[in-house]
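The values are calculated or read from the model by the stated rules, or taken from the named source; none is laboratory data. Not measured: the values here are computed from a predicted model. Here the Cβ is made from the backbone with ideal geometry for all residues, glycine too, and neighbour counts use every protein chain on show.
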Amino acid sequence: MKRPLFFGALLFSALLGTQPTISQTLNMQVDVKKVGSPIQSTMYGIFFEDINYGADGGLYAEMIKNRSFEFPQSLLGWTSFGKVEVRDDKPAFTNNPHFVRLHEAGHSDKQTGLDNEGFFGVAVKQNATYRFSVWARLPEAGAGSIRVELIDGASNVLVKENLTFDSKEWKKYQVILKAPKTEAKARLRIFLTSKAAVDLDHVSLFPVDTWKGRENGLRKDLAQALYDLHPGVFRFPGGCIVEGTDLETRYQWKNTVGQVENRKLNENRWQYTFTHRFFPDYFQTYGMGFFELFQLSEDIGAEPLPVLSCGLACQFQNKDEKAHASVKELDPYIQDALDLIEFANGDVTTKWGKLRADMGHPAPFNLKVMAVGNEQWGTLYPERLEPFIKAIRAKYPTFKIIGSAGPSPDGKDFEFGWKEMKRLKTDLVDEHYYKDPKWFLTNATRYDAYDRKGPKVFAGEYACHVQSVKNNFESALCEAAFMTGFERNADLVQMCTYAPLFAHVDGYQWRPDLIWFDNLRSVRSVNYYVQQLYGMNKGTNVLPLTINNQPVTGKDGLYATAAWDKTAKAYIIKVANTSDKEQSVSITLAGLKKGVAFAKSTCTKLHSPDLDMENTLDNPYAVVPVETPVTLEGNVLNVKLESKTFAVYRLQN
Ligand code: AHR
């Protein structure tokens with residue numbers, strides 16, 4: 001039947017003098033009998049670093065900037081009026097000693113107080129409630145009081161509440177403010193309303209409705225976006241931020257745990273890394289520290305993967321060896337690593353396990369793996385990593401250690417790094433690549449011929465950078481195509497995490513990024529949906545997938561991989577069509593037993609005719625996955641794959 005029709009079409013077009021579009025069907029075979037390598041539960045994950053206001057001003061829901069008056073300019077973020085003094089005598093918190101003293105203005109018509117600009121504004125939503133809290137003390141006789149207000153951009157009062165203080169000792173007070181309307185650029189204002197002076201510290205404002213309702217909580221929409229990725233692993237807290245511009249400002253996890261108010265402020269290297277995107281008010285308060293990050297890992301069902309300093313300050317910024325800790329000076333760094341394992345997993349009777357329990361989590365966090373060093377290279381790195389490995393393995397023999405292959409995915413330093421990681425027998429090697437679309441497509445075969453005898457691969461940071469550095473569909477499609485190579489090589493590649501994760505539209509230093517937000521809204525980039533499709537359709541084992549007995553790695557612009565999910569009893573086929581033409585593909589589940597039904601089978605597609613299309617705050621759903629049911633004929637699925645499409649077929653009953 002088919003032949004005469006096709007012939008008829010040829011004849012018709014010959015008569016018209018036109019060429020028919022001949023779409024040759026490609027026969028894709030998935031060998032369901034050859035259940036291959038396991039795909040690790042950690043395979044697709046996320047990487048959090050405090051860049052682009054990802055923590056303070058981002059995921060961490062605190063709305064007050066410089067709440068403890070510890071920024072080098074003590075009142076940065078604040079506007080004071082009347083008689084306000086910054087002091088540090090008999091402080092409430094020894095690690096953050098500064099506080100403000102508010103004195104009566106000296107005339108009944110004059111006012112003393114201060115207001116806070118928040119992070120690019122204090123954004124409130126209509127009818128939502130906000131918890132204002134403050135540590136206060138009465139430095140002199142008499143009752144003390146303040147009025148707390150939320151004011152809009154034109155200084156109109158949105159809501160106000162009074163607070164009275166009754167103690168000469170530092171004490172925490174709080175009051176709930178309900179916003180009568182939505183305002184993106186509100187401010188918090190405090191008036192002294194008593195004759196007596198008051199001391200104030202750690203002035204804080206949180207939405208009551210945080211992720212899981214926690215008081216020192218996370219922004220709900222952003223945490224939800226992480227949860228919805230179904231991540232298997234959660235790498236934190238960096239990135240370059242781990243290393244520090246100098247050792248003094250490196251990330252030290254011990255400074256980020258314990259009482260929130262007493263966590264010592266640190267600078268944030270992303271304040272000044274790019275002078276064309278300079279943010280003098282960017283610091284790390286560590287309100288969201290290691291405890292909160294472990295807790296978040298648990299909440300989103302991902303294995304925690306902390307990264308610790310190896311004693312090298314950022315190597316890009318420090319060419320002089322003296323900037324780094326010498327091998328002889330590494331003991332405190334190694335102790336930090338050992339103590340972190342105790343903090344995460346130790347019994348509540350141990351020093352650090354007890355701190356975890358005191359912070360509200362007596363059960364262990366089940367930490368199994370850590371990275372020592374971020375983007376390190378040269379001989380300086382292995383000579384420092386080696387003593388870490390010895391000490392960690394001596395105390396925790398099964399604990400996994402990840403080493404770095406440096407900042408580039410190839411070249412002399414990369415080769416040397418890998419050689420050294422093999423010698424040191426790290427469990428995994430962390431590779432990073434921020435590259436263009438061509439690189440991503442060509443490198444879909446990157447791992448096919450990798451040495452299987454050495455460490456496994458962790459693709460710890462990657463993102464496709466198109467010239468415009470946008471999160472556009474082209475970058476997402478190239479990532480989807482490239483990631484088929486992760487999955488096909490799941491015996492080797494055991495984790496991957498896109499980077500960076502978050503970006504505030506008013507405060508980014510780096511792009512592209514997975515999730516963008518302002519103070520009221522957030523948007524999931526097209527790249528996010530690629531990660532989500534992989535995360536939700538991981539499977540448990542690789543299945544061989546071929547066209548003409550060859551893996552599908554770019555011929556005809558197609559990239560594909562297949563997996564079996566033994567728990568869901570599903571066959572999962574991922575195909576990226578990067579070509580300019582629609583492709584007819586016939587997918588055969590070769591070796592399938594007769595009579596297997598596939599009643600719940602679906603195809604989820606990410607497609608845009610416009611490669612430059614992106615999801616934005618104002619147009620958040622420009623490119624989103626669309627799911628439709630599909631029907632097999634026996635063991636064959638016939639599909640038409642539009643040009644520039646990523647499709648996930650999930651065949652199950
Ligand atoms: O993801 C942004 C930065 O890129 C990371 O901090 C660093 O590891 C890499 O250079």
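Figures for the structure shown
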| item | result |
| --- | --- |
| Criterion: within 30 Å of Leu229 (Cα to Cα) and either in contact with a Gly (Cβ under 9 Å, 6 or more places away or on another chain) or surrounded by 24 or more Cβ atoms within 10 Å (Cβ to Cβ) (or both) - qualifying residue of Phe47, Phe99 | Phe47 |
| In segment 461-478, residue surrounded by the fewest Cβ atoms within 10 Å (Cβ to Cβ) [restricted to those that are among the charged types (D, E, K, R) and away from the ligand (no atom under 15 Å from the Cβ)] | Lys470 |
| Subset tally (residues that are more than 16 Å from the ligand (Cβ to nearest atom), more than 29 Å from Val148 (Cα to Cα) and either free of Cβ contacts under 8 Å to residues at least 60 places away in the same chain or assigned to a loop (DSSP other than H, G, I, E, B) (or both)) for segment 214-244 | 6 |
| Residue match in segment 54-69 (condition: within 16 Å of the ligand (Cβ to nearest atom), in contact (Cβ under 8 Å) with a residue 24 or more places away in the chain, assigned by TED's automatic domain parsing to the domain that holds Phe294 and within 18 Å of Lys264 (Cα to Cα)) | yes |
| Every residue from segment 510-538 that is hydroxyl-bearing (Ser, Thr, Tyr) and more than 15 Å from the chain's Cα centre (by Cα) | Tyr534 |
| Residues within segment 345-384 that are within 19 Å of Arg235 (Cα to Cα) and touching a residue at least 24 places away in the same chain (Cβ under 8 Å), tallied | 12 |
| Identity of the residue in segment 488-508, farther than 20 Å from Ile402 by Cβ and more than 14 Å from the ligand (Cβ to nearest atom), that ends up surrounded by the fewest Cβ atoms within 10 Å (Cβ to Cβ) | Asp506 |
| Qualifying residue in segment 416-424 (condition: touching a residue at least 24 places away in the same chain (Cβ under 8 Å), closer than 18 Å to Gln531 by Cβ and within 16 Å of the ligand (Cβ to nearest atom)) | no |
| Hits in segment 466-495 (condition: touching a strand residue (DSSP E or B) at 6+ places or on another chain (Cβ under 6 Å) and either assigned to a strand (DSSP E or B) or modelled with pLDDT under 95 (or both)) | Val493, Gln494, Met495 |
| Qualifying residue in segment 401-413 (condition: within 16 Å of the ligand (Cβ to nearest atom), among the β-branched types (Val, Ile, Thr) and either without any contact (Cβ under 8 Å) to a residue 60 or more places away in the chain or surrounded by 19 or more Cβ atoms within 10 Å (Cβ to Cβ) (or both)) | yes |
| Hey, Ile392 more than 16 Å from the ligand (Cβ to nearest atom), modelled with pLDDT of 95 or more, among the β-branched types (Val, Ile, Thr) and within 26 Å of Ala337 (Cα to Cα) or not | yes |
| Selection count where residues are surrounded by 13 or more Cβ atoms within 10 Å (Cβ to Cβ) and either touching a Gly at 6+ places or on another chain (Cβ under 9 Å) or closer than 18 Å to Ser525 by Cα (or both), scope segment 625-639 | 2 |
| Residue match in segment 317-340 (condition: surrounded by 22 or more Cβ atoms within 10 Å (Cβ to Cβ), within 16 Å of the ligand (Cβ to nearest atom) and either polar (S, T, N, Q) or not assigned by TED's automatic domain parsing to the domain that holds Ser404 (or both)) | no |
| Test for Tyr498: is it farther than 19 Å from Lys34 by Cβ and aromatic (Phe, Trp, Tyr) | yes |
| Identity of the residue in segment 39-53, farther than 14 Å from Phe234 by Cα and β-branched (Val, Ile, Thr), that ends up nearest to the ligand (Cβ to nearest atom) | Ile51 |
| Among (1) under 35 Å from the mean Cα position of the chain (by Cα); (2) surrounded by fewer than 19 Cβ atoms within 10 Å (Cβ to Cβ) - the single one Glu149 does not satisfy | (2) |
| Among the candidates His230, His276, residue that is out of contact with any helix residue (DSSP H, G or I) (no Cβ under 7 Å at 6 or more places or on another chain) and not aliphatic (A, V, I, L, M) | His276 |
| Which listed residue is over 15 Å from Ala480 (Cβ atoms) and touching a residue at least 60 places away in the same chain (Cβ under 8 Å), from Ala568, Ala647, Ala597 | Ala568 |
| Unmet requirement for Met288, which otherwise passes all of (1) part of a helix (DSSP H, G or I); (2) under 17 Å from the mean Cα position of the chain (by Cα); (3) away from the ligand (no atom under 16 Å from the Cβ) | (1) |
| Residue within segment 509-528 that is among the hydroxyl-bearing types (Ser, Thr, Tyr), modelled with pLDDT of 95 or more and buried (at least 23 other Cβ atoms within 10 Å of the Cβ) present | yes |
| Any pair with Cβ under 9 angstrom, 6 or more apart, that starts in segment 269-296 at a residue that is in contact (Cβ under 8 Å) with a residue 40 or more places away in the chain and ends at one that is in a strand (DSSP E or B) and hydroxyl-bearing (Ser, Thr, Tyr) | Thr285/Tyr60; Gly287/Tyr60; Gly287/Ser204; Met288/Tyr60; Glu292/Tyr60 |
| Test: Glu431 is under 20 Å from Asn527 (Cβ atoms), within 16 Å of the ligand (Cβ to nearest atom) and of a type outside the set (Lys, Arg) | yes |
| Matching residues, segment 167-217, being among the aliphatic types (A, V, I, L, M), farther than 17 Å from Val134 by Cα and touching a Lys or Arg at 6+ places or on another chain (Cβ under 8 Å) | Ala179 |
| Residue list for segment 435-465, filter: part of a helix (DSSP H, G or I) and either small (Gly, Ala, Ser) or in the same structural domain as Leu611 (by TED's automatic domain parsing) (or both) | Ala444 |
| In segment 245-262, the residues that are without any contact (Cβ under 8 Å) to a residue 24 or more places away in the chain and either of a type outside the set (Asp, Glu) or closer than 27 Å to Trp516 by Cα (or both) | Thr249 |
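Rundown of residues vs (1) under 31 Å from the mean Cα position of the chain (by Cα); (2) in a strand (DSSP E or B); (3) among the small types (Gly, Ala, Ser); (4) buried (at least 17 other Cβ atoms within 10 Å of the Cβ), yes/no style:
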residue: Lys168; (1), (2), (3), (4): no, no, no, no
residue: Lys185; (1), (2), (3), (4): yes, yes, no, no
residue: Ile190; (1), (2), (3), (4): no, yes, no, yes
residue: Lys212; (1), (2), (3), (4): yes, no, no, no
